[in-house]
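The structure under discussion appears below in the form of structure tokens.
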Amino acid sequence: MITTATFAQEKYISGHNSWNPDSLGNHRAVVNVQAQGPAAKVVIDWRRRDNPADKAIIVVDAKTNKRVLNVKTENISRENGTVYFEPTSGIGKYYIYYMPYKVKAGSNYPNAIYAKMQNTASSEWLAKTGQARQASVTYLESVNAMNSFYPMEVIANAREVQKITALNQDKPYLVFTEDREHPIKMPHDLPQRWITKGVTGSFTGTALRGENFSYQLGVYASKQDLQNVKLTFYPLSDNKGHAIPPAGVSCLNTDGTKYDGTPLSNTVNISKGDVQALWCLVNVPMQAVAGTYTGIVNVKADNAPPTIIKITIVVKPQMAVKGGVNEPQKQTRLTWLNSTLAQKNDVIAPYTPLTVNGKTISLLGRKVILANSGFPDKIQSFFNQEMTGMSDTAKNILGENIHFHIVSAKTHKDIALKGADEPVFRFDGGGHIIRVDTMKNGFIFQEKTPGTVTWNAISKSKELEMFVSGSIEFDGYMTYTVRLKALEDVDLDDTKFHIPFDKNASKYLMGLGQKGGLRPDTVKWKWDVATKNQDGAWIGEVNAGLQYSLRDEHYVRPLNTNFYLQKPLVLPTSWGNGGKGGMIVTVKGKTMLSETYTGPRSMKKGDVLYYNFTLLVTPFHTLNTDFQWATRFYHKYNNLDTIKATGATVVNIHHATPINPYINYPFIAHDAMKAYITQAHQKGLKVKIYNTVRELSNSAYETFPMRSLGHEIYSAGKGGGYSWLQEHLGDDYIAAWYVPEIKDAAIVNSGMSRWHNYYVEGMNWLVQNVGIDGIYLDDVAFDRITMKRVKRVLTQNGHPGIIDLHSANQYNKSDGFNNSANLYMEHFPYLNRLWFGEYFDYEKNSPDFFLTEVSGIPFGLMGEMLQGGGNPWRGMIFGMTNRMPWSDNADPRPIWKAWDNFGMQGTKMIGYWVDSNPVKTNNPKVLATVYKKQGKAMIAIASWADNDTSIKLTIDWKALGIDRAKATITAPGISNFQPAKRFGVDDEIRVPKGKGWILVVK
């Protein structure tokens, strides 16, 4: 960034953090008083993008560093302002701070409040201002380079804008060319820099062979609104016939590739008086011959004549390294926004390829049998209750097939939809329609690959047609597009969607306004998208379950983690039916039925409604208990020898640390990060870094190019927040996390966007160039498509690719009363550990809440505790400890030591939920989990009883593989957990309230 420059009358420099901005503001004019007198007068040509009305002016005597109280202002405008002040030390230097603000100290969500102008001058001094001597501005100074307005936020004044417009009076809009080093930042003002440059109609830049080059066209709608602004690129050629073809050039603002790999096309409209940056990306071919390449780009709008801009790119003979992405300050990574890296749906370990036999689709530990309707007839799980292996016997998740009941208002009976044999056509290579297959009974498979299987189904009546497009992926994620079309006018009493669960696979429920735990006998739920982030539920057992989520064609992922209310769910037109829709979950007949209803509605002939939904078949894989015992996280940046001495094996590097300072943008201190990781690897440690998508540091090099994309990457909002955001973004954003120590201010991401493409490429770069071993996700705002891509690049070429997810409890007003596990379940197939989290109460909630919402076990995961250091006794029931050294009382080392002394590697975990658990207590509120090895077992006991209690163990010695007559039961001494003690096989064991024991039986 340029820190010192002379421009017109004013000079701009960086103050190198030489004052406290949180009281004086980020900007000042340094003024020189050259003559004695009672008052000095200075006109400051500050050219501000903000509205200075009523903002305070603070004058400080540079010699004494004391505030000058006798101050008067006049003619304050965005262009300039006049300040009178008493030169208290006579001739010399004075500081005029013109944007002072205050923030709450230490706040992570501050809101800078700008001080208002108040009269502190005495009447006697004011009477002397007529004798003021002229002072001069030496320079304008920002507290540091990051806060500088120069040069792209120094506004042109009204006279300059009028002049340049008059010089181009025949043009309804003006096109300014700009290089990549000076991102266009102001959407409502011209920068003074452009006045000096003028409307040249041409651009010249320099690039390397193979470089991801870019330049900008700034379109100023000087006289009218502009609709659908587009760019057409023509070949860039040298005088020897070599060319850079138009296929290698694109406009970031109008065209690209979405996060899911599909084409993107944006409409760019520009309001009169506004400026729109159009970023032009040029992929200079590696084989390009050095030379000067010229061509044109045609700027067009639907309602205005085109403008031709001449483009010249001087290609140097040097070859860019990896497209130049190691120099992101040159905007070489903008091309990442259109990346398709890792999009191919290849199977990811430990999953197995999908196989299809008839209508039965097999995947890891599960089967889905489809009906002719296209909906599941059966869903089966083969995971055992322990979640450590497979069973030969299927556990049915469904009691009947999934189906719709569409009830006629005329007959009050179901409208019978039937499938029939239908021909399937496609275009051949010559543009002719040919018949290629037949839908048998209205059903046909469309695609069968190891990663994805898709199918279609059609069923009809004389009134309605239902078209079903279904798919399943290798991890058990199923998605349905269900299009219901009226073939004639029809009135409906209701449209009901039934998921009939097997009673033996519906013990637990999570969602629909219910915390995770035992399923109530009846749950009644209505849509309330304005305040509730709820559109489905998970119902199941530990080893067999199903999550379902209801959507329509307008579904957009909402914001989460404090920001749900600012961008909530959109009520599905079909399911919601204007607020009439809802759901009842209750036992009906032989099943536990989830019935979604929509209420009465009318459809005209040709009307279409989309009853889309997704399913996740759980669990995803078996528990990797050995990974849990051996992989020990240290969640803090620290000296590596200190970390190694704790017994930890993986270091999590949070943001706001010396090697990862900026939230979700780990690309600035990467050299220091690489050095740290290299040392860690030499000591046998792995290193993961904090990097997620939810909010993004304002230090990102691409901030303003991405702001030029409207709301694609940054969410719409009311603005505010820390001063940098207010001063440089202006408005229309949501301020997010802020780190006072380094003044890192984040901006909320919009949700699903091309930033996810950049994120995947960034992960790939970090693996290849920095050597990260994985990532720590602090909540996420992307979907499973991005998660799969991330897992692929993190695990490439044998890299460990460890991912753990942290979430604070989302069951609160700000987060729309969602369950963290429900919200993030689509990501669970690719995680290695959970850390749930702040506001999860480990003391007052039931073991069923612990099991479903915190432990991860019903999904094939294991976790750790956070809030208050967790409850170590209850945690051991689920194989969990807390994480060091995040909390003062969070020291898992004594339990790690107990694990190592026992030899936890290779144990078989048999949880309290397993029917055949060989160890039980005589108190249903005191639970036991067994960790079994040959000839010995560790038994974790934890109490949810209301008071201290005494229990006896009931042990199946044969199942435990230990001779009762020779058995010993000891409690090893564990610091801050339990004293050493021996018990007889028939002894009562005293268990304090909320605590427990770890016993070793040999």
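The values are calculated or read from the model by the stated rules, or taken from the named source; none is laboratory data. It should be emphasised that the depicted structure is a prediction, and the values quoted were computed from it without experimental measurement. Because the Cβ atoms are built from the backbone with ideal geometry, glycine has one as well, and the counts that use them run over all protein chains shown.
Exactly one residue among ASP54, ASP45 is on the phi > 0 side of the Ramachandran plot, surrounded by fewer than 19 Cβ atoms within 10 Å (Cβ to Cβ) and not polar (S, T, N, Q), and that residue is ASP54. Of the listed requirements (1) closer than 30 Å to GLN192 by Cα; (2) within 27 Å of the chain's Cα centre (by Cα), VAL282 misses just one: (2).
Could you please give the count of residues in segment 180-211 that are assigned to a loop (DSSP other than H, G, I, E, B), farther than 19 Å from ILE155 by Cβ and touching a residue at least 40 places away in the same chain (Cβ under 8 Å)? Here the count works out to 5. Among the residues of segment 419-454, those identified as modelled with pLDDT of 95 or more and either farther than 19 Å from ILE361 by Cβ or outside any strand (DSSP E or B) (or both) are THR449, PRO450, GLY451.
Under the condition of being assigned to a loop (DSSP other than H, G, I, E, B) and in contact with a Ser or Thr (Cβ under 9 Å, 6 or more places away or on another chain), which residue from segment 680-709 is nearest to ILE184 (Cα to Cα)? By that ranking, first place goes to LEU709.
Yes or no, residue by residue, for (1) in contact with a helix residue (DSSP H, G or I) (Cβ under 6 Å, 6 or more places away or on another chain); (2) farther than 29 Å from GLY751 by Cβ; (3) part of a loop (DSSP other than H, G, I, E, B):
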residue: LEU565; (1), (2), (3): no, no, no
residue: LEU571; (1), (2), (3): no, no, yes
residue: GLY576; (1), (2), (3): no, no, no
residue: MET592; (1), (2), (3): yes, yes, no
residue: GLU595; (1), (2), (3): no, yes, no
residue: LEU609; (1), (2), (3): yes, no, no
residue: THR614; (1), (2), (3): no, no, no
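Looking only at residues in segment 748-780 that are assigned to a strand (DSSP E or B) and of a type in the set (Val, Ile, Thr), the one that is nearest to the chain's Cα centre (by Cα) is VAL748.
Conditions (1) free of Cβ contacts under 8 Å to residues at least 40 places away in the same chain; (2) aliphatic (A, V, I, L, M); (3) within 17 Å of ILE803 (Cβ to Cβ), marked per residue:
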{"position": "ASP841", "(1), (2), (3)": "yes, no, no"}
{"position": "THR852", "(1), (2), (3)": "no, no, no"}
{"position": "GLY863", "(1), (2), (3)": "yes, no, yes"}
{"position": "TRP873", "(1), (2), (3)": "no, no, no"}
{"position": "ILE877", "(1), (2), (3)": "no, yes, no"}
{"position": "MET880", "(1), (2), (3)": "yes, yes, no"}
{"position": "ARG883", "(1), (2), (3)": "no, no, yes"}
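When you scan segment 574-595, do you find a residue that is within 26 Å of ALA808 (Cβ to Cβ) and either touching a residue at least 12 places away in the same chain (Cβ under 8 Å) or hydroxyl-bearing (Ser, Thr, Tyr) (or both), even just one? Looking through segment 574-595, none of the residues is within 26 Å of ALA808 (Cβ to Cβ) and either touching a residue at least 12 places away in the same chain (Cβ under 8 Å) or hydroxyl-bearing (Ser, Thr, Tyr) (or both). Within segment 268-276, none of the residues are in contact (Cβ under 8 Å) with a residue 24 or more places away in the chain and more than 26 Å from VAL199 (Cα to Cα).
Annotation: of all residues in segment 478-496 being buried (at least 20 other Cβ atoms within 10 Å of the Cβ) and among the β-branched types (Val, Ile, Thr), the one that is farthest from the chain's Cα centre (by Cα) is VAL490.
Within segment 645-664, the set of residues being surrounded by 23 or more Cβ atoms within 10 Å (Cβ to Cβ) and in a loop (DSSP other than H, G, I, E, B) comprises ALA648, HIS655, ILE663, ASN664. Going by the structure shown, is SER89 over 27 Å from ALA745 (Cβ atoms) and part of a loop (DSSP other than H, G, I, E, B)? Against the criterion (over 27 Å from ALA745 (Cβ atoms) and part of a loop (DSSP other than H, G, I, E, B)), SER89 qualifies. Filtering segment 623-640 to residues that are over 25 Å from the mean Cα position of the chain (by Cα) and closer than 15 Å to ILE677 by Cβ leaves ASN638, ASN639, LEU640. Scanning segment 167-179 for residues that are part of a loop (DSSP other than H, G, I, E, B) and either surrounded by 21 or more Cβ atoms within 10 Å (Cβ to Cβ) or not assigned by TED's automatic domain parsing to the domain that holds ILE270 (or both) yields a total of 1.
Residue pairs whose Cβ atoms lie under 7 Å apart, sitting 6 or more positions apart in sequence or on different chains, and linking a residue in segment 392-406 that is touching a residue at least 24 places away in the same chain (Cβ under 8 Å) to a partner that is assigned to a loop (DSSP other than H, G, I, E, B) and of a type outside the set (Ser, Thr, Tyr), are LYS395/ASN543; GLY399/LYS590; ASN401/ALA371; ASN401/PHE375; ILE402/PHE375; HIS403/PHE375; ILE406/ILE415.
So that you can scan it fast, the table gives a plain yes or no per residue for (1) within 30 Å of LEU337 (Cα to Cα); (2) part of a loop (DSSP other than H, G, I, E, B); (3) more than 18 Å from the chain's Cα centre (by Cα):
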site: PHE782; (1), (2), (3): yes, yes, no
site: LYS791; (1), (2), (3): yes, no, no
site: PRO800; (1), (2), (3): yes, yes, yes
site: ASN818; (1), (2), (3): no, yes, no
site: TYR824; (1), (2), (3): yes, no, no
site: PHE828; (1), (2), (3): yes, no, no
site: PHE840; (1), (2), (3): no, yes, yes
site: ASN845; (1), (2), (3): no, yes, yes
site: GLU864; (1), (2), (3): no, no, yes
